[in-house]
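K.L.:
Quick one: the structure is below, questions incoming.
The values are calculated or read from the model by the stated rules, or taken from the named source; none is laboratory data. None of these values were measured; they are calculated from a predicted model. Note that each Cβ is placed from the backbone with ideal geometry, even for glycine, and that neighbours are counted across all protein chains shown. Ligands, DNA and RNA are excluded from the accessible area calculation, which covers all protein heavy atoms including side chains. Shrake-Rupley method; radii C 1.70, N 1.55, O 1.52, S 1.80 Å.
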Amino acid sequence: MNILISAAALLILILLVIVGIEAAGLEYFFGVFIPYMAVVIFLSGIIFKLIGWARSPVPFRIPTIAGQQKSLGWIKSSKLDSPATILGVVGRMVLEVLLFRSLFRNTKYETKPGQKLVYGSAKFLWIAALIFHWSFLIIILRHLRYISEPIPSLVPLLQNLDGFFQVGVPELFITNILIVVSLAFLFMRRTADPKNRYLSLTADYFPLLLILAIAITGIMMRYFTKVDIAGIKTFAMGLVSFKPVVPESINVIFYIHLFLVSSLLVYFSFSKLLHMVGVFLSPTRNLSNNNRSVRHVNPWDKPVRIHTYEEYEDEFRDKMKAAGLPLEKE
Ligand code: HEM
């Protein structure tokens with residue numbers, strides 16, 4: 001059911017823009033108004049979330065650790081998996097964000113005949129997630145060519161690396177294959193395994209399908225339907241310089257691509273995709289594990305009126321005496 005709802009939602013988005021462009025001629029609405037609105041919702045949504053997270057109390061130091069903490073001098077501590085210093089935390093975050101270190105440790109479990117539960121390594125999720133995120137980043141960085149003049153030197157460098165195999169005209173970008181295959185794997189692993197299927201919701205399927213559709217419409221533009229790249233560059237430069245122009249030569253496949261990207265931007269701030277910024281604000285990751293060496297004073301600790309034993313005895317001395325209870329002060 002969740003898969004159907006996600007696929008239906010995606011189909012509705014695509015039909016909406018096809019009808020909007022082909023039947024109603026709403027190029028300006030889908031090409032200018034929607035992208036601008038999407039960027040505003042994306043940025044304000046992220047800022048709103050960041051402020052909310054930054055304001056959330058972190059009363060205790062709760063780094064999750066996966067190694068020996070700093071202790072006595074002769075005990076070897078794990079500087080990255082149980083960081084005692086800011087530098088250790090930075091190192092840990094770099095490994096987390098660039099190489100998904102925690103996911104690398106992911107394990108799977110299954111019951112063998114005779115109901116024996118066995119744990120095993122599950123590296124495919126790590127590999128697929130890494131390939132997907134890096135391809136996504138490289139594709140987006142290569143897209144800078146549409147919104148910058150002169151084009152930063154990073155773009156041709158990435159294009160050369162991505163088109164390394166020099167297959168086809170225009171040359172095939174490796175990331176185009178990698179993003180589709182890794183997204184397909186991330187989707188299939190949720191549908192194929194009953195445990196994952198049971199845990200997966202529309203919020204898990206929809207972003208996968210949406211990004212897959214963005215990639216596929218992009219791939220169709222590049223290798224199959226062909227689009228007026230010069231026209232799209234004029235259009236994209238018009239958007240970023242706030243002097244929007246809508247060339248007539250741009251066909252509907254591009255508007256689908258752009259509308260799906262706009263939908264992703266709007267959906268982003270209300271979805272689990274926020275992990276992109278959330279990971280940096282997660283106290284289990286960004287705190288050093290120095291609880292033994294530094295006394296942690298909870299900054300959010302409200303001054304709590306405490307009732308000392310002395311005050312207690314002063315209040316109940318007579319009753320305690322009557323009950324024959326020992327008193328500190330006679
Ligand atoms: C989440 C954001 C986006 C993703 C993931 C994405 C993905 C892709 C992919 C995978 C391709 C295939 C060829 C390639 O890799 O260059 C592509 C092509 C294309 N994209 Fe995007 N895209 C995004 C946003 C945009 C935006 C905002 C524009 C508008 C300026 C755009 C314009 C195009 C064009 C014109 C092509 C055809 C390129 C060619 O023929 O070589 N894309 N896109």
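K.L.:
Taking the Cα centroid of region 6-65 and of region 284-330, what is the distance between the two, rounded to the nearest whole Å?
P.N.:
Computed from Cα coordinates, the inter-centre distance equals 49 Å.
K.L.:
Right, another one. Quick check for me: using +1 on Lys/Arg Cβ and -1 on Asp/Glu Cβ, what's the dipole size of the chain about its Cα centre, in debye to the nearest 20?
P.N.:
Its charge dipole is roughly 1040 debye.
K.L.:
Which value, in Å², gives the accessible area per residue of region 187-321 when a 1.4 Å probe is used on the protein heavy atoms?
P.N.:
Result: 59 Å² of accessible area for each residue.
K.L.:
Let me ask something additional. If you take the charge dipole of region 2-297 about its Cα centre, with +1 on Lys and Arg Cβ and -1 on Asp and Glu Cβ, which of Met37, Ile21, Thr64 is farthest toward its positive end?
P.N.:
In region 2-297, that residue is Thr64.
K.L.:
Compare the Cα positions of Ile151, Leu239, Thr107 along the charge dipole of the chain (+1 at Cβ of Lys, Arg; -1 at Cβ of Asp, Glu; about the Cα centre) and return the one farthest towards the positive end.
P.N.:
Thr107
K.L.:
Now for a different question. Are there trypsin sites (Lys or Arg not before Pro) in region 262-313 that DSSP marks as loop and that have at most 15 other Cβ atoms within 10 Å, and which are they?
P.N.:
Arg292, Arg295, Arg305
K.L.:
Just list whichever of Lys226/Lys272; Lys112/Lys195; Lys49/Lys243; Lys79/Lys123; Lys123/Lys272 have alpha carbons separated by over 27 Å in the model shown.
P.N.:
Cα-Cα > 27 Å for Lys226/Lys272; Lys49/Lys243; rest within.
K.L.:
Right, here's the next one. Of the chymotrypsin sites (Phe, Trp or Tyr not before Pro) in region 49-134, which ones lie in a loop per DSSP and count no more than 13 other C-beta atoms within 10 Å?
P.N.:
Here the sparse-neighbourhood loop sites are Phe60, Trp74.
K.L.:
Continuing with this model, one more query. Output the relative contact order of the chain, whole-number percent, from Cα pairs under 8 angstrom with separation of 6+ residues.
P.N.:
Reported as a whole number, the value is 29 percent.
K.L.:
Related question: Can you tell me, using C-alpha contacts under 8 Å and at least 6 residues apart, the relative contact order of region 105-227 as a whole percent?
P.N.:
It rounds to 19 percent for region 105-227.
K.L.:
Quick check: residue separation of Ala192 and Val279 times 0.36 nm, minus the Cα distance between them. What number comes out in nm?
P.N.:
28.5 nm
K.L.:
If you add up the charges near Gln159, with Lys and Arg at +1 and Asp and Glu at -1, over every other residue whose beta carbon is less than 10 angstrom from its beta carbon, what do you get?
P.N.:
My count for the surroundings of Gln159 gives 0.
K.L.:
Which of the trypsin sites (Lys or Arg not before Pro) found in region 31-135 are loop residues per DSSP with 15 or fewer other Cβ atoms within 10 Å of their Cβ?
P.N.:
Taking region 31-135 and a limit of 15 other Cβ atoms within 10 Å, the loop trypsin sites (Lys or Arg not before Pro) found are Arg61, Lys76, Arg105.
K.L.:
Could you work out the helix-only [θ] at 222 nm for the chain, with each DSSP H run of four or more residues adding -39,500 (n - 2.57) and the total divided by the number of residues, to the nearest 500 deg cm²/dmol?
P.N.:
Rounded to the nearest 500, it is -17500 deg cm²/dmol.
K.L.:
Quick check: at a probe of 1.4 Å, how many percent of the accessible area of the chain sits on carbon and sulfur atoms?
P.N.:
71 percent
K.L.:
Shifting gears a bit: Please tell me the relative contact order of region 174-253 in percent, rounded to the nearest whole number, where contacts are Cα pairs under 8 Å and at least six residues apart.
P.N.:
For region 174-253, the relative contact order is 24 percent.
K.L.:
Now for a different question. Charges on Cβ only, +1 for Lys and Arg, -1 for Asp and Glu, centred on the Cα centroid of the chain; of Leu273, Asn298, His257, which one is farthest towards the dipole's positive end?
P.N.:
About the Cα centre, the residue reaching furthest to the positive side is Asn298.
K.L.:
What is the dipole size for region 1-147, taken about its Cα centre, with +1 at each Lys and Arg Cβ and -1 at each Asp and Glu Cβ, in debye to the nearest 20?
P.N.:
In total the dipole reaches around 940 debye.
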